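Any read-out appearing in this document is the output of simple, stated calculations on the displayed coordinates, not a laboratory observation. Treat the numbers as computed from the prediction; the structure is a model and nothing was measured. Note that we place each Cβ from the backbone using ideal geometry, even for glycine, and neighbour counts take in every protein chain shown.
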Amino acid sequence: MSARPSKIVCIGRNYADHAKELGNAVPDKEPLFFLKPPSSLIGSGDAIVLPPQSSQVEHEGEIGVVIGKTLKNASEAECIAGISAIVAVNDVTARDLQRKDSQWTRAKGFDTFCAVGAPHAGPFDLGNIEVVTRVNGVEKQRGNSSQMAFSIAFCLSHISHVMTLEPGDIVATGTPAGISKLSPGDVVEVEVVGYSTLSNPVK
């Protein structure tokens, strides 16, 4: 990304199979969302650094959207029109700390814990976007936006009724099942098929 976003908003438990693998239910009626700090942002090729505070850091490959215009109390149609690009995102997570803490700021917020690929401008079909995550060339995750509990447009509209989404902000829309632990020397790749790719070494 050429400029640091004002915020990175992430949707949690938006794929039923991922919620199930962690022993959680899909949120009822409205999406669960949280923030990652802009200081966690890295690009493709940059290293994901495993922090000493965690012994279980995992990948979460996601479809990301970049906001292109200010969205406040916006409709789903306005949100669709307000997307400037699709990006691959790795919402890196310290799973042990996520379980330990009552909120997820620490588990999600370490430096290097938000890897983002090059943006791809439209057109795009938000209802049929595929995301694939590979570790050392082995496929770990594969999901499609059609499988989301809450659609991308619904999530953006919901967020915009809480906080204003500003140009350059990134929204990560949830991860499918297949998360796994990362180790030093691994290379983790996220591909939003036809849109954006991301590859990061782990150290």
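Across all directions, the average flat footprint of the convex hull enclosing the Cα atoms of segment 20-85 is 7.2 nm². Per-residue extension of 0.36 nm, minus the Cα-Cα distance of residue 197 and residue 121, leaves a gain of 26.0 nm for this segment.
Can you run the Rg to Rh ratio on segment 61-161? Use alpha carbon positions and the Kirkwood inverse-distance Rh. Don't jump to the answer; show the numbers that get you there.
Numbers: Rg = 15.0 Å, Rh = 15.1 Å.
Answer for segment 61-161: 0.99.
Relative to the current alpha-carbon distance between residue 181 and residue 111, full extension at 0.36 nm per residue lengthens the span by 23.4 nm.
With R₀ fixed at 35 Å, the C-beta to C-beta distance from residue 72 to residue 138 puts the FRET efficiency at about 0.25.
Stretching the chain fully between residue 163 and residue 53 yields a gain of 36.5 nm (0.36 nm per residue, less the alpha carbon separation). Stokes-Einstein at 4 °C, 1.567 mPa s, Kirkwood radius from Cα pairs: D for the chain in µm² s⁻¹? Translational diffusion coefficient: 79 µm²/s. Each helix, a run of at least 4 DSSP H residues, gives -39500 (n - 2.57); summed and divided by the residues of the chain, these come to -3500 deg cm²/dmol at 222 nm.
Could you compute the FRET efficiency for residue 103 and residue 17, with r as their C-beta to C-beta distance and R0 at 22 Å, rounded to 0.05?
0.35
Of the cross-linked pairs 20/140; 181/203; 7/69; 108/140, those separated by over 18 Å at the C-alpha level are 108/140. Separation of segment 40-113 and segment 136-180, taken as the distance between their Cα centroids, equals 9 angstrom. Each Lys or Arg adds one and each Asp or Glu takes one away; over the other residues whose Cβ falls under 14 Å from the Cβ of residue 159, this sums to -2. Of all the options 115, 81, 177, the one that moves most in a Gaussian network model of the chain with Cα springs shorter than 10 angstrom is 81.
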